[in-house]
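Each remark here refers to the structure printed beneath this line.
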Amino acid sequence: MLLWIILLIVLWEIFASVVTQTKRTPENVMPHLSGVIDSIFSDKRINGSQTAFEMIIENAGATLSRAGIGYLIGIALGFVLALLMSLSGVIEKIAFPYLMLIQLIPILGMAPIINAITGDIAVSRIVIAAILTFYPVATNTIAGFKAVEPAKHELMYSYAASKFQIYTKTMIPFCIPYLFTGLKISAPMAITASILVDTLQGGIGLGCLLSQSLKGAMTRYVFWDIVFFSAFIGILSFYLMSVIENLLCRYKRAGGSGKKG
Amino acid sequence: MRGLKKGSLSQQRDKIESIVYPVLFGVLIMILWQTGVLHKMLNTDDYILPYPDKIVGIISDNSDMIMVNVWASVEVALCGLFLGSLIGYIIAIAATSFPTYGTGGLTIVSAFNAVPIVALAPVIINWTKDVSSVAEERSMVAKILVVTVTSMASMSVNAYRGLTELPPFSDDLMKTYAAGRLTEFVKLRLPNSVPYIFTALRVSVPGSVIGALVSEYFAEYIVGVGRQIRENILIAQYATAWAYIIVACMIGIMLYAMLMIAEAVFLRKRR
Amino acid sequence: MKQMKKVLIIALALAMATAVVSGCASDSGYEESKGASASDTASKSSEEDMSNGDRIIAAAKEGKVGNWGLGNEYEILALLTKYEQEPKYLAQSFDMDGFDDDSIVLASAMTYNELGLVKNSYEGGYDYGDSVGIIDMNDEGVAMLEDNLFCTKEFAKKNPNTVKAFVYASMKGWKYACENPEEAAQIVYEAGSSVSSDHQAYMASEVKKLVETDTKGETVTEYGNMDEEAMQQTLDLAKKYISLDDKTAADKLQTLTLDDIRDTSFLAAGKNFDTPEKKDVSIQLKWLPQCQFMGYYVAKAKGYYEEVGLNVDIISGGGDIGETTAVNNGTVDFGVTWVSNLISADAGGMNLVEVAQVFQRSGLVLVYKK
């Protein structure tokens, strides 16, 4: 792991040196990492009042909170839908192809409609983050329900357990590892989606900042800061989910499918 | 679960149902859409969400131009998907062969997925500036690279699982046959990974289409379904934008259907 | 551990090898470009007296005319057609790197923004100074009017006094900004713009020219004036060069008249208006917060909006969902857009109306290296 990071850094720096020698504006193509780190911690004011660091923190707060809320809504929706689909064959058959389809609609197309429905930029950003994250949660949870060992299922039937009991006692606990697979996939996705939606319209948010920097409104280093920052946060969110999973599953190793992600 | 002891007759019924129900639902939505009920439900107007007949009309009026854009996007998506999957698989093989360092590499590759594609696309387009002096060519390379990067992660992670999560005792069995590493690889690990390849593709096929569309937003040479969507939304031509959105969905559905067919053919042979 | 070291050494060696190879490659590339520039200077004397037409034709033949597209391209298309060239252009990114590395020979630039970056040496600038020349759309007779102020017809009908008050206060802001461009630049900077203050000052001085001079180079005294002739030229060019795939929209475009897209009554009302019907209003800019929109920032900072009883929220633009959409679906009340974009939006089925024309001439130029 460490080795790979070192290798990547070395490669990056080599190319950055080449770029610095051949291009007039190396920071637009590939800046030295030292420059990027410098730009984060420099005291220079980017706009009237903030340094790059303060600006990124403020905008990241907005983006991440929207991503977080959207993520939670997405989880709830995905889980409920998966539950419904597993309860009713008709719903499953109807919903499955459309679940797929929603993923294929470019966000740029959805955004104006959702914007018109909600009438508020911030709310529509949350809604879109939710839409984009609930698919992995739903599909993985369904996979979990489907994978409940039939033997277990039949055992419960032979105990004359009610449907409610079957779900609460065997199926939901069993599908938790699967749910987490979905959660781990969708956590970085929620953040990416939130940033992507930011770029569609002005206001506050990492994506707004990113596109402004790309459009030359401020130094290009802000763009690079955000690229690295978002990658870092994305990975962090993945590990956060793994940690939560480990905490939850420590006292019930029952699932035991041993996903490594 | 329900289909545990199903006869072939009910299985067939199941199959028909899983086609008929969604189609019926789709028809219902279409009716609601065309009659304007959907607009009332969504609190929007026929401007932001034009009626289906208008969208279809635009598609048929401009079919020549649309096909040009479609081919450009499909080419990018498929080339990128192929390259990305290939590289992803190679990484997975490397990770299986040298687990000490390889797994770290896997993590790095999946980290690429955490970089938003809107940030990735302009960066890659800048990096590929010197590839060719013809804008059309260098834009093509850039777009393909964007899709490559986005489809790499899912393949490498899934293929790695396919190569390592072997059926119980199969590994030991191979050892008792005194099979070499290469034989073990070809006879056991490679076939074992095939279903996982398809799992990966199920994620990366839709992903590659979206990747192609987004990369077109930023590319220098102006062509592609994604570019048309962006351009028409910006100049507020929603009917046309929707026509291209529908076309984009169609591309996704077609590619996914092809994948499903391929999967059915490949996996049946193995049973 | 030992193995780890080995791999590290191999990796480093590999990296160094790549560096050497790529270094050589870049060296030879450098040589080449040097050679090219040498031959450039040799042929320069003959190119010196190249006319604008020759430049446009030469660049178009090479396919190296650049524009951002996305609704900003119509003047370029008109210009290419004027010189009988195929109306095609390269998508230019929002920096001027393409111009700098010669992948674009004739690059689009706004006088107040990109042109300043190309010429000047402050942060983000390319420092070309006077070694670049420009082709001005106004001189070429293909000028289309840009930044205006608009809202929906429905909003204007329902809130006539709000619109009058907003137009009045905004124009007052523009007047003050044009009279005191340096102070205006400072105000915009303090309002949270991240454009460097040097560039901001440059932008203010250039925007002042666009606001106070018309397409023929004559001085305009009335801020926001909707000049019949320039508007008509914009509409005529729009009808010719905006191509819409939607047949109904394309047909409607051809039937549009000036009366469909602008209403002079709100500007003409001047100070004569009653209490605004809607007090909290918002305006969506066409682009990022910068001096291009200094009038509104000044009006807010100087309290002109408050004076007329309005509480104004300024929302920056620059995203992929246009200002026309934002105004049309009611997320914001007013918007700043280019006249051509308003025309295509109305053709597509929106009901937008221009209530003031801030920029009196086209700010778009094609920049080339002399």
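The numbers here are math on the coordinates, done by the rules we state, and not lab data. Computed from a predicted model, the values in this text were never measured in an experiment. Positions of Cβ are generated from backbone atoms using ideal geometry, with glycine treated the same way; all protein chains shown enter the neighbour counts.
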Among B:Val76, B:Val118, B:Val209, determine the one that fluctuates most according to a GNM of chain B built with springs between C-alpha atoms less than 10 Å apart. B:Val118
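Within 10 Å of each Cβ of A:20-33, how many other protein chain Cβ atoms are there on average?
Details: counts 0, 4, 9, 7, 5, 9, 0, 1, 10, 7, 3, 0, 0, 0.
For this peptide, the per-residue mean of nearby foreign Cβ atoms is 4.
Normalised by the number of residues in the stretch A:128-217, what is the relative contact order in percent for Cα pairs under 8 Å and 6+ residues apart?
For the stretch A:128-217, the relative contact order is 38 percent.
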Filtered hits (aspartates and glutamates, Cα-Cα < 12 Å from C:Lys216, offset >= 8 within chain) -> C:Asp136, C:Asp139, C:Glu140, C:Asp227, C:Glu229
Sorted by chain and number, the residues with a modelled amide H under 5 Å from that of C:Asn311, at a separation of 5 or more or across chains, are C:Asp280, C:Val281
Taking K and R as +1 and D and E as -1, what net charge do the other residues with C-beta under 12 Å from the C-beta of C:Lys247 add up to? -2
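State which entries of C:Lys88/C:Lys370; A:Lys44/C:Lys164; B:Lys54/C:Lys153; A:Lys93/B:Lys54; A:Lys44/C:Lys119 exceed 31 angstrom in Cα-Cα distance in the structure shown.
In this structure, A:Lys44/C:Lys164 exceed 31 Å between Cα atoms.
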Pull up the DSSP beta bridges for the stretch C:148-362 and report the antiparallel fraction as a percent, rounded to 5. 45 percent
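By per-residue mean of other Cβ atoms within 10 Å, what is the highest-first order of C:225-236, B:23-34?
By packing density, highest mean first, the sequence is C:225-236, B:23-34.
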With θ set to phi - 60°, apply the Karplus curve 6.51 cos²θ - 1.76 cosθ + 1.60 along the stretch C:136-144 and write out the HN-Hα couplings as whole Hz, x wherever there is a Gly or Pro. 8, 4, 5, 5, 7, x, 10, 5, 10
Helix C:228-241 sits off the longest principal axis of the Cα atoms of chain C, rounded to the nearest 10 on a 0 to 90 degree scale, by 50 degrees
What does the helix-only formula give at 222 nm for chain C: each DSSP H stretch with n ≥ 4 adding -39500 (n - 2.57), the total divided by the residues, and the result rounded to the nearest 500 deg cm²/dmol? -15500 deg cm²/dmol
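Taking a temperature of 25 °C and a viscosity of 0.890 mPa s, what whole-number D in µm²/s does Stokes-Einstein yield for chain C with Rh from Kirkwood over alpha carbon pairs? Walk me through the intermediate numbers first.
Numbers: Rh = 22.5 Å.
Translational D for this selection: 109 µm²/s.
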Considering the alpha-carbon set of the stretch B:71-156 alone, what are its Rg and its Dmax in angstrom? 14.0, 43
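Which peptide among C:209-216, C:313-320 comes first, and what is the full order, when sorted by highest mean count of other Cβ atoms within 10 Å?
C:313-320, C:209-216
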Amide H neighbours of C:Thr213 under 5 Å, at least 5 residues apart or on other chains, H built in the peptide plane: list them. C:Val220, C:Gln360
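Would you mind giving the mean number of other chain beta-carbons within 10 Å of the Cβ of each residue in C:66-73, as a whole number? List each step's numbers first, then the result.
Values: counts 2, 1, 1, 6, 9, 6, 2, 2.
Other-chain Cβ atoms within 10 Å of each residue's Cβ, averaged: 4.
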In the neighbourhood of C:Phe150 defined by beta carbon distances under 12 Å, the net charge of the other residues (Lys, Arg +1; Asp, Glu -1) is -3
So what's the net charge close to C:Gly53: Lys and Arg +1, Asp and Glu -1, counting the other residues with Cβ under 11 Å from its Cβ? -1
Taking H as built 1.01 Å from N, whose amide H comes closer than 5 Å to the amide H of A:Thr51, not counting residues under 5 places away? A:Ile46
How far is helix A:52-87 tilted off the main Cα axis of chain A, in degrees rounded to 10, range 0 to 90? 20 degrees
Counting pairs of alpha carbon atoms under 8 Å apart in space and at least six apart in sequence, what relative contact order in percent does chain A give? 22 percent
When the dipole is taken about the Cα centre of the protein assembly as shown, and only Lys, Arg (+1) and Asp, Glu (-1) are charged at their Cβ, what size is it in debye, to the nearest 20? 5780 debye
Along the stretch A:157-167, Karplus-curve 3J(HN,Hα) (6.51, -1.76, 1.60; θ = phi - 60°) to the nearest Hz, with x for Gly and Pro, reads 4, 5, 7, 6, 6, 6, 4, 4, 5, 4, 5
Semi-axes of the equivalent ellipsoid of the stretch A:46-249: what are they in whole Å, largest first, if each equals the square root of 5 times a C-alpha gyration tensor eigenvalue? 39, 19, 12
How much of the DSSP beta bridge set in the protein assembly as shown is antiparallel, as a percent to the nearest 5? 60 percent
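How do the peptides B:139-150, C:247-258 rank, highest first, by the average count of neighbouring beta carbon atoms within 10 Å per residue?
Per-residue mean Cβ counts within 10 Å order the peptides as B:139-150, C:247-258.
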Could you check which residue among A:Ala161, A:Ala147, A:Ala122 shows the biggest mean-square fluctuation in a GNM of chain A with a 10 Å Cα cutoff? A:Ala161
Could you name the aspartates and glutamates whose alpha carbon sits less than 12 Å from that of C:Lys157, not counting residues in the same chain fewer than 8 places away? C:Asp263, C:Glu277
For the stretch C:148-362, divide the Cα radius of gyration by the Kirkwood radius and give the resulting Rg/Rh value with two decimals. 0.95
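Could you tell me the relative contact order of chain C? Use alpha-carbon pairs under 8 Å, at least six residues apart, and round to a whole percent.
It comes to 26 percent, rounded to a whole number.
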Other chains' Cβ within 10 Å of A:218-228 residues: what's the mean? 3
Mind telling me which of B:Gly57, B:Gly226, B:Gly211 comes out most flexible in a GNM of chain B, alpha-carbon contacts under 10 Å? B:Gly57
Helix B:52-61 axis, angle to chain B major axis (alpha carbon atoms, nearest 10°): 90 degrees
Enumerate the calculated ³J(HN,Hα) couplings along the stretch C:330-347 in order (Karplus 6.51 cos²θ - 1.76 cosθ + 1.60, θ = phi - 60°), each rounded to whole Hz, writing x wherever the residue is Gly or Pro. x, 5, 10, 9, 10, x, 10, 8, 7, 4, 4, 5, 5, 4, 5, 5, 5, 4
